[in-house]
Amino acid sequence: MMISSVSELLVSDKFLQEVQVKGWVRTFRSNRFIALNDGSTIKNIQCVVDFENTDENTLKRIATGAAVNIKGTLIESQGRGQTVEIQVSELEILGDSNPDEYPIQPKKHSMEFLRENAHLRVRTNTFSAVMRVRSALSFAVHKYFQENGFNYVNTPIVTGSDAEGAGEMFRVTTFEPNDAPTTEDGGVDYSQDFFGKETNLTVSGQLEAETFAMALGKVYTFGPTFRAENSNTTRHLAEFWMIEPEVAFCDLDGNMDLSEDFIKSVLAYVLEHCKDDLAFLEQRLTQEEKSKPQAERSEMTLIEKLHFVVDNNFKRVSYTEAIDILRNSKPNKKKKFQFPINEWGADLQSEHERYLVEKHFKCPVILFDYPANIKAFYMRLNDDGKTVRAMDVLFPGIGEIAGGSQREERYDVLLDKIKTMGIDEKELWWYLDLRKFGTAVHSGFGLGFERLVQFATGMGNIRDVIPFPRTPQNAEF
Ligand code: 4AD
Ligand code: MG
């Protein structure tokens with residue numbers, strides 16, 4: 001017999017037909033009703049066991065978490081809350097789950113507890129919903145770029161460059177910690193290491209993606225990136241996935257248009273394709289917010305928030321305008337910011353970004369034209385000589401969701417910048433070459449995939465939107 005999925009059966013009208021389904025028991029009540037889930041949907045199918053004709057031992061083994069194979073008749077449900085159910089004729093326990101030991105019981109567990117059981121947490125409603133939405137979003141990312149003429153490029157995970165120049169890299173070496181060859185001046189001699197030079201896990205595929213944009217025109221990466229920054233926040237991971245489009249013959253305005261269109265498109269995709277999961281996550285979030293003071297609760301539900309982003313224009317504001325707004329803002333005057341804004345040139349902290357988005361504009365904001373000295377070396381210098389064509393996309397509840405720029409395409413200006421920032425130009429010879437041979441205006445941005453998943457699912461902590469989070473002091477599983 002063909003095995004059906006729960007999602008198929010729930011919308012099926014093949015009443016009185018024999019069906020077979022395999023899944024895991026979520027609950028078993030009154031010795032009679034199994035709520036069965038197979039991961040195909042957030043919903044369970046009710047399977048009614050004829051307990052009078054089922055042996056005692058089998059009944060005992062129908063426990064939360066057990067894997068079962070069920071055959072039976074699909075019928076219209078008598079009970080409330082479901083339209084169909086299965087009248088079980090044959091039940092086979094495929095894998096037991098001892099209720100005294102199984103950690104995921106049908107009750108509310110803390111997020112912390114579930115993180116410690118990340119190998120099992122995807123069996124809960126919340127995490128299965130999040131992970132299905134994450135999967136749908138990944139598909140939507142590829143769909144968007146593929147349908148818009150972009151080529152997918154796989155940039156290296158192990159690199160010799162620091163794309164952001166921020167020095168937050170994990171070193172890759174085959175040397176034993178206490179037995180590395182040294183140079184004459186006492187440093188480690190990486191010329192004898194596996195790659196013959198210092199290497200690290202990539203912090204961004206941007207520089208390599210630029211080389212491809214200068215041949216294929218429109219490209220994007222979508223892969224893991226790594227940051228050894230010691231940030232214990234709800235928005236930082238040491239290993240996260242980044243989406244980085246890079247486009248030739250595109251300036252900053254085009255880049256802003258692309259980021260806005262892209263984000264709207266992928267959110268519209270999940271609104272259309274993840275209705276059940278979003279409905280569940282929305283109700284979860286509303287419940288969670290009830291424990292917060294009224295003033296901190298959001299005015300919109302999850303699905304309303306997603307529609308709001310899809311249906312409204314992002315506000316585009318220059319860094320200089322933003323500084324004026326912040327300087328004159330209530331929290332700044334009342335010294336409520338941890339980092340007060342006094343003058344032009346200050347780096348914006350997440351408290352400032354969130355004020356702009358959540359309190360002042362109340363919509364997604366794209367900030368652009370930042371001071372050159374707080375941004376990376378590759379951003380195009382404006383004619384004023386002090387700002388660069390940078391942009392950050394800021395989202396409510398998240399802060400920075402994407403960051404990018406128009407790239408410095410002028411050889412001399414770029415070389416100058418590399419030198420003044422103290423970056424070793426020899427390491428970037430190939431990047432400089434792009435400016436020697438057929439250089440052109442080009443732009444791109446990087447969007448943190450987990451922050452996007454956080455926004456789409458309403459999850460407050462980034463550790464809860466990636467299967468196995470890597471954060472300081474934590475690399476279990
Ligand atoms: O702003 P970032 O550092 O920009 C870059 O890496 C550029 N090279 C991107 C480009 O222009 N191609 O990182 C881009 C995005 C951030 O906006 C944020 O969403 C996310 O990556 N991000 C992180 N997400 C989770 N954990 C972290 N530690 C992150 N650091 C950055
Ligand atoms: Mg950034």
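The values are calculated or read from the model by the stated rules, or taken from the named source; none is laboratory data. Here the structure is a predicted model, which is why all the values come from computation and not from measurement. Neighbour counts are summed over all protein chains in view; Cβ atoms, including those assigned to glycine, are modelled from backbone coordinates with ideal geometry. Calculation scope for accessible area: heavy atoms of the full protein, side chains included, ligands and nucleic acids excluded. Shrake-Rupley method; radii C 1.70, N 1.55, O 1.52, S 1.80 Å.
Return one number: the angle in degrees, 0 to 90 and rounded to the nearest 10, between the long axis of the Cα atoms of helix 275-289 and the longest principal axis of the Cα atoms of the chain.
In the chain, helix 275-289 runs at an angle near 80 degrees to the longest axis.
About the Cα centre, and with charges only on the beta carbon of Lys, Arg (+1) and Asp, Glu (-1), how big is the dipole of segment 168-315? Nearest 20 debye, please.
Numbers: 13 positive and 29 negative charges, 137 e Å.
With only Lys, Arg, Asp and Glu charged at Cβ, the dipole is about 660 debye.
Helix 302-311 versus the longest principal axis of the chain: what is the Cα-based angle in degrees, 0 to 90, to the nearest 10?
On a 0 to 90 degree scale, this one is about 50.
Please say if segment 1-145 is rounded, prolate or oblate, where rounded means a/c under 1.5 for a ≥ b ≥ c the square roots of the C-alpha gyration tensor eigenvalues, and otherwise the choice is prolate for a/b larger than b/c and oblate otherwise?
Details: a/c = 2.18, a/b = 1.24, b/c = 1.76.
Because a/c hits 1.5 or more and a/b fails to exceed b/c, segment 1-145 counts as oblate.
Dipole magnitude of the chain about its Cα centre, charges +1 at Lys/Arg Cβ and -1 at Asp/Glu Cβ only, in debye to the nearest 20?
Values: 55 positive and 72 negative charges, 350 e Å.
Roughly 1680 debye for the chain.
Quick check: at a probe of 1.4 Å, how many percent of the accessible area of the chain sits on carbon and sulfur atoms? Spell out each step's value before the answer.
Working: 11450 of 23610 Å².
Looking at the chain in its full context, I get 49 percent from C and S.
Just check segment 170-280 against the gyration tensor rule for me: Cα atoms, a ≥ b ≥ c as the square roots of the eigenvalues, rounded for a/c under 1.5, and otherwise prolate or oblate depending on whether a/b exceeds b/c.
On the way: a/c = 3.41, a/b = 1.78, b/c = 1.91.
Note, shape of segment 170-280 comes out oblate.
I'd like the Karplus ³J(HN,Hα) series for segment 199-209: coefficients 6.51, -1.76, 1.60, θ = phi - 60°, whole numbers in Hz, and an x wherever there's a Gly or Pro.
The phi angles translate into 9, 8, 6, 5, 9, 5, x, 3, 4, 5, 4 Hz.
Taking amide H atoms as placed 1.01 Å from N in the peptide plane, list the residues 5 or more away in sequence, or in a different chain, whose amide H sits under 5 Å from that of residue 387.
Amide H neighbours of residue 387: 372, 382.
Cut-off under 16 Å on the C-alpha distance; same-chain residues fewer than 8 positions from residue 14 excluded. Which lysines are left, in chain and number order?
71
Can you list the aspartates and glutamates whose alpha carbon is less than 17 Å from that of residue 218, not counting same-chain residues fewer than 8 positions off?
In chain and number order, the partners are 147, 208, 210, 244, 246, 251, 253, 257, 260, 261, 409.
Take the alpha-carbon centre of segment 109-179, take the same for segment 341-374, and report the distance between them in whole Å.
Cα centres, segment 109-179 to segment 341-374: 27 Å.
To the nearest 500 deg cm²/dmol, what mean residue ellipticity at 222 nm is calculated for the chain from DSSP H runs of n ≥ 4 alone, each contributing -39,500 (n - 2.57), summed and divided by the residues?
Values: 14 runs with 140 residues, N = 477.
About -8500 deg cm²/dmol.
Take the alpha carbon atoms of segment 446-471, find their center, do the same for segment 394-418, and report the distance between the two centers in whole angstrom.
23
Express in Å², to the nearest 10, the accessible area of residue 114 obtained by rolling a 1.4 Å probe over the protein heavy atoms while all chains stay in place.
Roughly 10 Å² of residue 114 is accessible to a 1.4 Å probe.
Given DSSP loops and a limit of at most 11 other Cβ atoms within 10 Å, what is the longest stretch of the chain that contains no such trypsin sites (Lys or Arg not before Pro)? Intermediate values should be presented prior to the final figure.
Values: sites that count: 80, 107, 108, 197, 290, 334, 335, 436.
The longest uninterrupted stretch comes out as 336-435.
Test of understanding: what is the full-extension gain from residue 359 to residue 315, defined as 0.36 nm times their sequence separation minus their Cα-Cα distance? Write down the numbers at each step before the final one.
Values: separation 44, 0.36 × 44 = 15.84 nm, distance 1.34 nm.
The span from residue 359 to residue 315 would gain 14.5 nm if fully extended.
Looking at the chain, send over the antiparallel percent of its DSSP beta bridges, to the nearest 5.
If I count the DSSP bridges inside the chain, around 85 percent turn out antiparallel.
Give me the net charge for the shell around residue 219: Cβ to Cβ below 12 angstrom, other residues only, Lys and Arg +1, Asp and Glu -1. Working shown, then result.
Working: positive: 218; negative: 208, 210, 244, 246.
For residues surrounding residue 219, the net value is -3.
Which GluC sites (Glu not before Pro) does segment 317-363 hold that lie in a coil by DSSP with at most 11 other beta carbons within 10 Å?
The qualifying sites are 343.
Rounded, prolate or oblate: which fits the chain when a ≥ b ≥ c are the square roots of the eigenvalues of the alpha-carbon gyration tensor, with rounded for a/c under 1.5 and prolate only if a/b beats b/c? Intermediate values should be presented prior to the final figure.
Working: a/c = 2.20, a/b = 1.77, b/c = 1.24.
Prolate is the answer for the chain, as a/c is 1.5 or above and a/b outweighs b/c.
Among the lysines, select those whose C-alpha is under 27 Å from the C-alpha of residue 419, and discard any that sit fewer than 8 residues away in the same chain.
Partners found: 197, 375, 386, 436.
May I ask for the net charge around residue 313, where only other residues with Cβ less than 15 Å from the Cβ of residue 313 are counted and Lys, Arg are +1 while Asp, Glu are -1? Present the calculation step by step, with values, prior to reporting the outcome.
On the way: positive: 264, 315, 316, 362; negative: 253, 257, 260, 261, 311.
So the environment of residue 313 carries a net charge of -1.
Just to confirm, what accessible area per residue do you get for segment 3-103 at 1.4 Å probe, in whole Å²? Working shown, then result.
Values: 5500 Å² over 101 residues.
Roughly 54 Å² per residue, with all protein chains present.
Mind jotting down the distance between the C-alpha centroids of segment 51-90 and segment 197-244, whole Å?
48
With a cap of 16 neighbouring Cβ atoms within 10 Å, and only residues DSSP puts in a loop, list the GluC sites (Glu not before Pro) found in segment 205-290.
Numbers: sites: 208, 210, 229, 239, 246, 260, 272, 282, 288, 289; in loops: 229.
Passing sites in segment 205-290 are 229.
Rank these by accessible area, largest first, 1.4 Å probe: 24, 430.
Details: 24 120, 430 60 Å².
Result of the area sort, largest leading: 24, 430.
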